[in-house]
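Trainee: What follows is a single structure, and I will ask about it in a moment.
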Amino acid sequence: KTAEKAKRLSTSGTPSRASNDLEGLDFEKLMFSPSGRHLATIAQPTGGGNKQVVVYELQDNRRAMMATREVNFNDGDVPFGISWLIDNQLLVFIRSSAGDLSIKMVSPTVAMMSMTWPTMGTKLPGSVVDCQASAQGLVAVALTTPDQKGMLMIVTCPRMTVVAEMPLEGKPQSILLYQPKGSYVAYLTIAFEGGGVEAWELPPADQTVELM
C-alpha cells in the first residue's frame with residue numbers, strides 16, 4: 001500500500017480525523033457496494049474546489065482502504081447522488097450549472113470505461129426534480145415540464161435505455177424507489193407540489209424491460 005492511497009480506519013469503522021487530514025477531503029456521502037468490497041464517496045477538498053467521486057477498496061480485513069477510482073467533473077458539474085448496482089457498477093448522478101441531469105456509470109477501477117446518459121446533445125423533456133435507482137438497474141427520473149406538469153422517465157441499465165416516458169398530471173416534488181431483492185418489479189411513490197402522493201408499480205404492465 002502506498003502512503004498516498006492507503007487510508008486507515010478507526011476501530012469504530014469510520015475514517016479517523018488523521019486520515020481525513022492525510023487525504024485532504026471532506027466526505028459528503030458514503031455508500032458500500034453490494035459485495036461490501038468497495039466504498040463509494042462524494043468528497044470535496046478541505047480547502048475548497050470541485051466535488052469528486054472517489055471509490056475505495058477495503059483491505060486488511062476492513063482495517064484499511066485504498067483508492068481505486070477517482071472521477072473528476074467539469075466546472076459547473078456537481079455530483080449529488082451515488083447508487084450501486086448488483087454487479088458492483090456505480091451510478092453517479094450529476095447536475096450541471098444549467099440544471100441539466102446526467103448519469104455516469106463507472107466501475108470501481110479504471111479497467112472499464114465509463115458510460116454517460118443522456119448522450120451529448122440530447123435534451124431531456126423537462127427539468128429534473130429527483131431521480132432514484134435500484135440495485136437491479138432500474139432508474140426513475142422525475143421531471144417538471146414546460147406546461148407546469150410533470151413526466152416520469154424509466155431508464156434501464158447497463159445499456160442506459162429509456163424504456164418509458166409517462167406524463168404526470170402534477171409537478172413532482174420527490175420520488176422514492178424500492179425494488180425487492182431478486183424481483184423484476186419495483187415500487188415507486190411520487191410526492192407532488194401542493195400535496196398528494198401516488199404509488200406506482202414498475203415497469204408498467206404493458207412494458208417489457210431488460211434488467212441486470
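Trainee: Quick one: count up the residues across the range 61-75 that are open to solvent by 40 Å² or more (accessible area, probe 1.4 Å) and touching a strand residue (DSSP E or B) at 6+ places or on another chain (Cβ under 9 Å). Show your work before the answer.
Mentor: Our first condition is that a residue be open to solvent by 40 Å² or more (accessible area, probe 1.4 Å); within the range 61-75, this holds for 61-63, 66, 70, 72, 74-75.
Going one step further and asking which of them are touching a strand residue (DSSP E or B) at 6+ places or on another chain (Cβ under 9 Å), we end up with 62-63, 66, 70, 72.
Here the count works out to 5.
Trainee: To continue, here is another question. When you go through (1) modelled with pLDDT of 90 or more; (2) closer than 27 Å to ALA164 by Cβ; (3) open to solvent by 20 Å² or more (accessible area, probe 1.4 Å) one by one for ALA142, which number turns out not to apply?
Mentor: Going through the list (1) modelled with pLDDT of 90 or more; (2) closer than 27 Å to ALA164 by Cβ; (3) open to solvent by 20 Å² or more (accessible area, probe 1.4 Å), ALA142 breaks only (3).
Trainee: Here are the criteria: (1) in a loop (DSSP other than H, G, I, E, B); (2) in contact (Cβ under 8 Å) with a residue 12 or more places away in the chain. Tell me which single one ASP147 does not satisfy.
Mentor: (2)
Trainee: Can you tell me which of LEU202, LEU168, LEU124 is over 21 Å from the mean Cα position of the chain (by Cα) and either open to solvent by 50 Å² or more (accessible area, probe 1.4 Å) or not small (Gly, Ala, Ser) (or both)? I'd like the intermediate steps shown before the answer.
Mentor: Details: LEU202 fails: over 21 Å from the mean Cα position of the chain (by Cα); LEU124 fails: over 21 Å from the mean Cα position of the chain (by Cα).
Of the residues listed, the single one that is over 21 Å from the mean Cα position of the chain (by Cα) and either open to solvent by 50 Å² or more (accessible area, probe 1.4 Å) or not small (Gly, Ala, Ser) (or both) is LEU168.
Trainee: Which is open to solvent by less than 30 Å² (accessible area, probe 1.4 Å), touching a strand residue (DSSP E or B) at 6+ places or on another chain (Cβ under 7 Å) and among the β-branched types (Val, Ile, Thr), of VAL185, VAL155?
Mentor: Working: VAL185 fails: open to solvent by less than 30 Å² (accessible area, probe 1.4 Å).
Criteria check complete, one pass: VAL155.
Trainee: Here is a follow-up. Can you name the residue in the range 102-139 that is in contact with a Phe, Trp or Tyr (Cβ under 7 Å, 6 or more places away or on another chain) and of a type in the set (A, V, I, L, M) and, of all such residues, is modelled with the lowest pLDDT?
Mentor: So the residue we want is ALA135.
Trainee: Sticking with this one: Give me the pairs: first residue in the range 38-55 and closer than 27 Å to LEU85 by Cα and open to solvent by 10 Å² or more (accessible area, probe 1.4 Å), second residue aromatic (Phe, Trp, Tyr) and assigned to a strand (DSSP E or B), beta-carbon distance under 7 Å, and six or more apart or on different chains, which are they?
Mentor: Short answer, once both residue conditions are applied: HIS38/TYR56; LEU39/PHE32; LEU39/TYR56.
The values are calculated or read from the model by the stated rules, or taken from the named source; none is laboratory data. Just so it is clear, the structure is predicted and the values come from calculations on it, not from any experiment. Here Cβ is always computed from backbone atoms with ideal geometry, including for glycine, and neighbour counts include all displayed protein chains. With ligands, DNA and RNA removed, areas are computed over all heavy atoms of the protein, side chains included. Shrake-Rupley method; radii C 1.70, N 1.55, O 1.52, S 1.80 Å.
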